[in-house]
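Data first, discussion second: the structure below is written as structure tokens.
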Amino acid sequence: MLKPLKLGKLTFPINIIQGPLAGVSCAPFRKITWRYSQPAFSCTEMISCKTLLYQSAFSQKRFIKIDPEEGPVCFQLAGNNAKELAEATRIVTAQGASLIDLNCGCPVKKIRRKGAGSSLLQNTILLYQLIKAMKDNTTVPVSIKIRVDGNSNDSFNREVATIIKDAGADFLVVHGRHWTENYETLCHYSDIEFFVNELNIPVIGNGDISCIDSLKKMLATGCAGVMISRAGVGQPWLIRQLIEEMQQKIFSLPANSEIGSMFLQHITELAILLNNETFAIIQARKLAKYYGRYLKTKSMFYTAVNHCSNLQELKNICIEHFTLGL
């Protein structure tokens with residue numbers, strides 16, 4: 001069930017992908033994930049076309065920086081204007097994108113109000129134009145990431161599948177929930193299976209993959225590969241763990257000291273990338289619960305990080321709770 005993954009003209013040695021995560025999946029996160037897991041590729045955060053076209057190079061850096069020590073990168077774009085998307089596609093192609101994805105799944109209201117994200121699933125004429133704009137302005141594989149009908153009264157699955165065929169996308173990523181459904185709603189595997197059977201391009205399944213059983217359940221839809229998103233936060237080794245468990249190998253979790261080093265590296269490199277220690281510490285407070293999940297002192301660790309104000313304090317906290325030998 002694990003196998004090489006062919007997307008357009010590219011072939012990857014494994015069919016597990018690290019997906020996009022708003023506020024998380026910039027270069028420091030992807031670099032650590034590559035070091036410990038080597039997925040097929042990792043995705044950037046969602047990037048607005050307007051950010052690439054109209055904001056300063058400094059503002060763009062968080063979104064477009066590729067670390068020389070990370071693997072292939074898929075740039076995920078968001079927008080609703082074909083001309084802007086065409087230019088943004090040219091920009092990220094020149095930046096070194098291995099693949100480019102159009103976000104058609106974001107459920108956030110402010111994104112939908114702008115006519116982007118999941119709202120595009122109900123505007124298939126525009127969706128066609130956007131996919132064509134990407135295809136006409138890059139030589140790398142192009143995908144779209146969508147949501148599904150799910151338990152809603154919507155019925156866009158079939159029409160969206162037709163548009164994807166006609167516009168010539170190289171592959172499709174399907175998150176198995178409707179845009180109104182939260183993470184407590186179980187993934188709709190039958191909707192993913194619909195796209196697998198309807199399309200003659202690779203379909204990547206996304207949703208609820210965090211362990212070997214959920215991985216097998218997703219692969220049972222017949223999808224060509226899977227995308228892991230939330231579960232990879234604070235567990236950059238997760239994809240490697242799943243690969244080895246599928247190969248019936250015994251996987252040993254990293255020692256607490258190594259996990260602490262990962263956390264500190266993530267935040268330190270984020271501060272360097274953005275030249276903004278304060279922002280990095282704010283992110284550390286959000287990420288602490290993920291990296292600290294295996295600590296016996298996790299409650300005290302979370303509290304300490306929430307009161308932390310600089311990198312030196314964070315280093316001392318990690319030394320105390322992860323017993324780092326720094």
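The values are calculated or read from the model by the stated rules, or taken from the named source; none is laboratory data. On a predicted model such as this, the values are computed, not experimentally measured, just so you know. Don't worry about glycine lacking a Cβ; one is built from the backbone with ideal geometry, like all the others, and counts go over all protein chains shown. We work out accessible area using only protein heavy atoms, side chains counted, and drop any ligands, DNA or RNA first. Shrake-Rupley method; radii C 1.70, N 1.55, O 1.52, S 1.80 Å.
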- line: If every Lys and Arg gets +1 and every Asp and Glu gets -1 at its Cβ, then about the Cα centre the range 1-131 yields a dipole, in debye to the nearest 20, of 260 debye
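A 29 angstrom limit on the alpha carbon distance is what I want to check against. Which of Lys132/Lys286; Lys6/Lys216; Lys110/Lys298; Lys65/Lys110; Lys110/Lys216 exceed it?
Distance filter (> 29 Å) returns Lys132/Lys286; Lys110/Lys298; Lys110/Lys216.
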query: Do any chymotrypsin sites (Phe, Trp or Tyr not before Pro) in the range 108-190 lie in a DSSP loop with no more than 11 other beta carbon atoms within 10 Å, and if so, which?
result: Tyr183
field: List Arg62, Arg285, Arg30, ordered by accessible area with a 1.4 Å probe, largest first
entry: Arg285, Arg62, Arg30
field: the range 1-68, dipole about Cα centre (Lys/Arg Cβ +1, Asp/Glu Cβ -1), debye to the nearest 20
entry: 120 debye
- request: Take every DSSP beta bridge with both residues inside the range 1-142 and express the antiparallel ones as a percent of the total, to the nearest 5.
  value: 20 percent
- line: Quick calc, the chain, dipole around Cα centre from Cβ unit charges on Lys, Arg (+) and Asp, Glu (-), nearest 20 debye, gives 400 debye
message: Taking 35 Å as R0, compute the FRET efficiency from the Cβ-Cβ separation of Ser59 and Thr180 and round it to 0.05.
response: 0.65
task: Calculate, in nm to one decimal, what Lys249 and Ile125 gain on full extension: separation in residues at 0.36 nm each, minus their alpha carbon distance.
output: 39.8 nm
- request: Would you mind getting the accessible area per residue of the chain, heavy atoms of the protein chains only, 1.4 Å probe, in Å²?
  value: 44 Å²
- prompt: Is it possible to state the helix-based mean residue ellipticity at 222 nm for the chain, with each DSSP H run of 4+ residues giving -39500 (n - 2.57), the sum divided by total residues, to the nearest 500 deg cm²/dmol? What is it?
  reply: -13500 deg cm²/dmol
statement: Given backbone amide H placed at 1.01 Å from N, residues whose amide H is under 5 Å from that of Gly225, ignoring those fewer than 5 places away on the same chain, are Val203, Gly205
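For Ala220 and Phe279, what is the calculated FRET efficiency with R₀ set at 30 Å and r taken between the beta-carbons, to the nearest 0.05? Numbers along the way, then the final one.
On the way: r = 41 Å, r/R0 = 1.38.
FRET efficiency, Ala220 to Phe279: 0.15.
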field: Principal axis dimensions, the range 74-140 - Cα atoms, whole angstrom, descending
entry: 31, 21, 15
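Restricting attention to the range 208-267, which trypsin sites (Lys or Arg not before Pro) occupy a DSSP loop and are surrounded by at most 16 other Cβ atoms within 10 Å? Numbers along the way, then the final one.
Numbers: sites: Lys216, Lys217, Arg230, Arg240, Lys249; in loops: Lys249.
Passing both the DSSP loop test and the Cβ count: Lys249.
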- request: Scan the range 219-326 for chymotrypsin sites (Phe, Trp or Tyr not before Pro) in coil per DSSP, keeping those whose Cβ has at most 16 other Cβ atoms within 10 Å, and list them by number.
  value: Phe251, Tyr294
- line: Rounded to a whole %, the carbon-and-sulfur portion of the accessible area of the range 187-254 at a 1.4 Å probe is 45 percent
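Based on the Cα gyration tensor of the range 1-114, what are the three equivalent ellipsoid semi-axes, each the root of five times an eigenvalue, rounded to whole Å and given largest first?
24, 16, 14
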